[in-house]
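Below is one structure, written out as structure tokens, with a few remarks after it.
The values are calculated or read from the model by the stated rules, or taken from the named source; none is laboratory data. If you're wondering where the values come from, they're calculated on a predicted model, not measured in any experiment. When we count neighbours, we look across all protein chains shown, and the Cβ atoms used for this are built from the backbone with ideal geometry, even at glycine. Heads up: the accessible areas ignore ligands, DNA and RNA and are worked out on the full protein's heavy atoms, side chains in. Shrake-Rupley method; radii C 1.70, N 1.55, O 1.52, S 1.80 Å.
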Amino acid sequence: MDDIATRCIEIIAKSKNIPADTINLDTTFEQLNIDSLDKINISFEVEEAFDINIPDEALGSLKNVGDVVNGVRQLVANKPPKVATS
Amino acid sequence: MNRVVITGLGCISPIGSSVAAFRENLFAGNTGISTIADVPDAPDGNPGVRYTQAAQVFDFDPSQHLTSGVIAASNRNTQFAIVAARQAAQQADLLKYHNPGDIAIIMGCACGGRSSEEHEVKGLYTRDARAHPLTIVRTMSSAGASQISIDLKITGPALDISTACASATHAIGLAFHMVRSGMATAAITGGHEAPLSFGFYRAWDSMRVVSPTRCRPFSADRDGMTLGEGAAIFAIETLESAQARNAPIFAEIVGFGMSADASHITNPSVEGAATAMRKALADANASPDEVGYINAHGTGTQANDSTESAAIHQVFGARAPHIPVSSTKALHGHSIGASGAIEALATILALQAQRLPHTAGVTTPDASLNVDVITGTPRPADTTRPVAISNSLAFGGLNAVIALRRFS
């Protein structure tokens, strides 16, 4: 499991107050009892952790942990390079 | 008009997160005031103020009571409110008897989600951070009333009252009037507050009214208040509905009085406090002679305790020096919008036990106040005087007083 997957799982585990080793990429939101408030909270924590913005339309399609990890991978890969300001 | 009784009690407080623990510590005089713990968002956790003490709740773990979603969407004060309301509603078994649409939720909360607000603003000003998408619902003062309604599935009128240190007493008074008039058949009412955050500590420090030592109301050497947090929430209903199902009755609410000083934003007035007390007694149709206990606002500041004592003299005349008075703030601190409810709980327990809690921490009672401050240990109640009043006198001169009667 890569760093992105590990960090996503850690964020979800912390938010749900459960051990990270009980979560894998196939774990569904339903299995984790993730409600709409959890989803908002986890999305924000993921955005903060990776400095990304999750598009509104993507939020509704997230069904399992793997969806989150894949979405983050794409958003991180497509991040515009930082421009030096000095 | 309906008679209104209290059939359920709940609390999360610095002296216990159950009513049983609160009762034990109240009568034992065990204070919940201690050294300020690490303050989130303060440099090195240190608030940098001239005082070191606060009344904090250390035994509350929201994950023991609430889902992760509700925790994410709520500030600590709201979490206190949900759990304390559950305690009260369950004890009264309120929802088995009353239609959810006929139950009101009237809460007192003045500071809202202060710590969440400060955290977000700090991020914004220091690193242009994005705001958490649940910031608004965490910080709105009415969140407690909303979350209680969601948690207990109560659909009647629900609102928050924000009148600084009198918020909870105004809330209880309004709920009492609603049930008495028949607008609601029952209510969940009280107050909740968890404002102990970096900016809050600093703002109160600047006012120079917080004790550099520890709150000791009515003491000759008193030097200010001690900030606190907590919640106390009650289930109240008509006497008829309580008796119909043999619900436990802890006390009867008999009167509510309020007034505005209309004089100064920080200096309290004798006339304003006296008017609220008089109105509460008139509303209760009780004579001053029936009052056997005053649970004072008693913040421990020079201004409050002297003004409140003078107001007691104005209302009770020659009896004033002989009516037992105590302030329980030396135990649970001053929790602003929740304080009136926590003190109402102390008053209810006193009426029930016929035992009057003492004012902890008093070294020498201030003789110039000429009131009968209970010190040292609790005192047996005078059973011939079954009425007690609980005063809340807020900054800005907004005063609220409730009158309670022992139920037998």
Q. If you check B:His65 against the conditions, is it away from chain A (no Cβ under 14 Å) and either in contact with a Lys or Arg (Cβ under 7 Å, 6 or more places away or on another chain) or under 30 Å from B:Met178 (Cβ atoms) (or both)?
A. no
Q. Could you list, in sequence order, the residues of the stretch B:1-46 that are hydroxyl-bearing (Ser, Thr, Tyr) and either out of contact with any helix residue (DSSP H, G or I) (no Cβ under 6 Å at 6 or more places or on another chain) or closer than 23 Å to B:Glu237 by Cβ (or both)?
A. B:Thr7, B:Ser17, B:Ser18, B:Ser34, B:Thr35
Q: Give the residue, chosen from B:Ile154, B:Ile172, that is over 18 Å from the mean Cα position of the chain (by Cα), surrounded by 24 or more Cβ atoms within 10 Å (Cβ to Cβ) and touching a residue at least 12 places away in the same chain (Cβ under 8 Å).
A: B:Ile154
Q.
Just the residues that are touching a residue at least 40 places away in the same chain (Cβ under 8 Å) and surrounded by fewer than 17 Cβ atoms within 10 Å (Cβ to Cβ), please, taken from the stretch B:180-206.
A. B:Ser181, B:Gly182, B:Met183, B:Arg202
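Name every residue in the stretch B:100-150 that is polar (S, T, N, Q), within 14 Å of chain A (Cβ to nearest Cβ) and closer than 25 Å to B:Cys165 by Cβ, in order of residue number.
Listed by number, the residues that qualify are B:Ser116, B:Ser146, B:Gln147.
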Q. Of the residues that make up the stretch B:46-60, is at least one in contact with an Asp or Glu (Cβ under 8 Å, 6 or more places away or on another chain), surrounded by fewer than 21 Cβ atoms within 10 Å (Cβ to Cβ) and within 14 Å of chain A (Cβ to nearest Cβ)?
A. no
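Among what's in the stretch A:5-35 and is of a type in the set (Ser, Thr, Tyr) and either surrounded by 17 or more Cβ atoms within 10 Å (Cβ to Cβ) or farther than 30 Å from A:Pro80 by Cα (or both), pick the residue that is nearest to the other protein chains (Cβ to nearest Cβ).
Here is the first cut: in the stretch A:5-35, the ones of a type in the set (Ser, Thr, Tyr) are A:6, A:15, A:22, A:27-28.
Those still in the list that are either surrounded by 17 or more Cβ atoms within 10 Å (Cβ to Cβ) or farther than 30 Å from A:Pro80 by Cα (or both) too: A:15, A:22, A:27-28.
Details: A:Ser15: 6, A:Thr22: 14, A:Thr27: 15, A:Thr28: 16 Å.
Ranking the candidates gives A:Ser15 first.
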Q: Among the residues of the stretch B:9-30, count how many are surrounded by fewer than 21 Cβ atoms within 10 Å (Cβ to Cβ) and in a loop (DSSP other than H, G, I, E, B).
A: 3
Q. Mind checking which residues of the stretch B:179-190 are more than 17 Å from B:Leu404 (Cβ to Cβ) and in contact with a strand residue (DSSP E or B) (Cβ under 9 Å, 6 or more places away or on another chain)?
A. B:Gly182, B:Met183, B:Ala184, B:Thr185, B:Ala186, B:Ile188
Q. A:Ala49 versus (1) among the small types (Gly, Ala, Ser); (2) open to solvent by less than 20 Å² (accessible area, probe 1.4 Å); (3) within 10 Å of the chain's Cα centre (by Cα): which is the lone unmet condition?
A. (2)
Q: Mind counting the residues in the stretch B:102-146 that are touching a Gly at 6+ places or on another chain (Cβ under 7 Å), farther than 26 Å from B:Ser335 by Cα and free of Cβ contacts under 8 Å to residues at least 60 places away in the same chain?
A: 1
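Yes or no, residue by residue, for (1) modelled with pLDDT of 95 or more; (2) among the basic types (Lys, Arg); (3) in a loop (DSSP other than H, G, I, E, B):
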{"position": "B:Ala242", "(1), (2), (3)": "yes, no, no"}
{"position": "B:Val254", "(1), (2), (3)": "yes, no, no"}
{"position": "B:Asn267", "(1), (2), (3)": "no, no, yes"}
{"position": "B:Lys279", "(1), (2), (3)": "yes, yes, no"}
{"position": "B:Gly292", "(1), (2), (3)": "yes, no, no"}
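Take the residues of the stretch B:262-291 that are open to solvent by less than 40 Å² (accessible area, probe 1.4 Å) and over 24 Å from B:Gly333 (Cα atoms): which is farthest from the chain's Cα centre (by Cα)?
Taking the stretch B:262-291 and keeping what is open to solvent by less than 40 Å² (accessible area, probe 1.4 Å), we get B:269, B:272-277, B:280-281, B:284, B:286, B:291.
Add one more test, that the residue is over 24 Å from B:Gly333 (Cα atoms), and what stays is B:275, B:280-281, B:284, B:286, B:291.
On the way: B:Thr275: 20, B:Ala280: 17, B:Leu281: 20, B:Ala284: 20, B:Ala286: 23, B:Val291: 20 Å.
Among them, the one singled out is B:Ala286.
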Q) Which fully enclosed strands (runs of 3 or more DSSP E) of the stretch B:296-407 have 2 or more residues being hydrophobic (A, V, I, L, M, F, W, C)? A) B:387-394, B:398-405
**Q.** Residue, farthest from the other protein chains (Cβ to nearest Cβ), within the stretch A:36-76, restricted to residues that are assigned to a helix (DSSP H, G or I) and among the basic types (Lys, Arg)
**A.** A:Arg73
